[in-house]
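Single-structure report; data block below.
The values are calculated or read from the model by the stated rules, or taken from the named source; none is laboratory data. Note that the coordinates shown come from a computational prediction; the quantities given were computed from them, not determined experimentally. Cβ: placed from backbone, ideal geometry, glycine included. Neighbour counts: every protein chain shown. Each accessible area value is taken on the protein alone, full model and side chains, heavy atoms only, with ligands, DNA and RNA left out. Shrake-Rupley method; radii C 1.70, N 1.55, O 1.52, S 1.80 Å.
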Amino acid sequence: MDLSSPLLWLLALPLGLLIAVAAGTFILQAACALCNIEDLRFFKALGLVVLLIVANAPVGLVLFFVGQGAASGLGWGKESVLAIWLGLGYPLHWLISGLVLFWPLHVSYLKGVLVSIMHNIISLVAAGVVGGLIMVVLAAVQLVGS
């Protein structure tokens, strides 16, 4: 699909964002349940997920642009840029999310960081499962088509 396609920008991207925010809401509820925190209602979790996205987006963008600058200006390879992104991005994400979560959830800062880590782990596992299922479906379509 061409990146300048109006179908991508008007239909696929908003639908994907809506699905991702809804899934993130359920995952935040699950992370809170695993950390023995109050029963988090859907709309409160939805607001917290949107707040987490808004709080973490600037840090992610700065790391992305610094990584791109390091890759082009310093001649670093994509693997080292990815290592820097993972090494700095995840801990910063957890610390910022802990700051966002500790007050609305009425927990300590460290418990907020723990919820953020659990949210991230569950998200990675869910993305891996969904990605694996997509690969299986694509392989089945390719087998049937040949």
- request: Just need the relative contact order of region 14-124 here, percent rounded to a whole number, with Cα pairs under 8 Å and 6+ apart.
  value: 30
Å² per residue, accessible surface of region 45-130 at 1.4 Å: 60
query: Top mean-square fluctuation among W103, W94, W76, Gaussian network model of the chain, C-alpha springs under 10 Å?
result: W76
query: Based on Cβ point charges of +1 for Lys and Arg and -1 for Asp and Glu, what charge dipole magnitude is obtained for the chain about its Cα centre, in debye rounded to the nearest 20?
result: 160
- line: Expressed in µm² per second, the diffusion coefficient of the chain from the Stokes-Einstein equation, with Rh the Kirkwood radius over alpha carbon pairs, at 37 °C and 0.692 mPa s, is 188
Distance in nm between pseudo-label sites at L143 and N120 (7 Å out along the Cβ direction from Cα): 3.7
query: Once the piece of chain linking V21 and V129 is laid out straight, how much longer is it, given 0.36 nm per residue of separation minus the C-alpha distance between them?
result: 37.1 nm
message: Can you tell me the length gained on complete extension of the stretch E38 to F65, counting 0.36 nm per residue apart and subtracting the Cα distance?
response: 5.9 nm
Residue among F65, F42, F102 with the largest mean-square fluctuation in a Gaussian network model of the chain, springs linking Cα atoms under 10 Å: F65
